[in-house]
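The values are calculated or read from the model by the stated rules, or taken from the named source; none is laboratory data. Just so we're clear, the structure is a prediction, and the values are computed from it rather than from any experiment. Neighbour counts are summed over all protein chains in view; Cβ atoms, including those assigned to glycine, are modelled from backbone coordinates with ideal geometry.
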Amino acid sequence: MTFVDVQSEIAALEIAQVEVDQVNREFVIKGLRELALNAKTESNKVRSYELLGKTLRMFVEVSESIVIHDSPVLREFTQVQLELMLTSIQRQVASEGEVRVLDS
């Protein structure tokens, strides 16, 4: 297989996957719409509308967390030193384009 053949095959597989995703998404949305309009109980109708809204990203949950660490290791550094380390880490992450979680 040549490079062009491989690229063509990848493109064909991507198109096929998009078609499968659209069929599944369309199927689910049509089913939820049908339930929202014709369900026998109000709770099923409301739940269907809720799921349709989530599908359309109408409801976005935002949460904020504040974490306070009391680490003896960090007490050894001044505020300026900690800020410099943070800046250094942020630059490293930005240049690598990925985030790594370190085990404690």
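Here are some notes:
- Region 1-14 - residue that is β-branched (Val, Ile, Thr) and exposed (fewer than 10 other Cβ atoms within 10 Å of the Cβ) and, of those, modelled with the lowest pLDDT: Val4
- Scanning region 71-80 turns up at least one residue that is at pLDDT 80 or above, assigned to a loop (DSSP other than H, G, I, E, B) and surrounded by 10 or more Cβ atoms within 10 Å (Cβ to Cβ).
- Residue tally, condition assigned to a loop (DSSP other than H, G, I, E, B) and surrounded by 15 or more Cβ atoms within 10 Å (Cβ to Cβ), over region 35-61: 1
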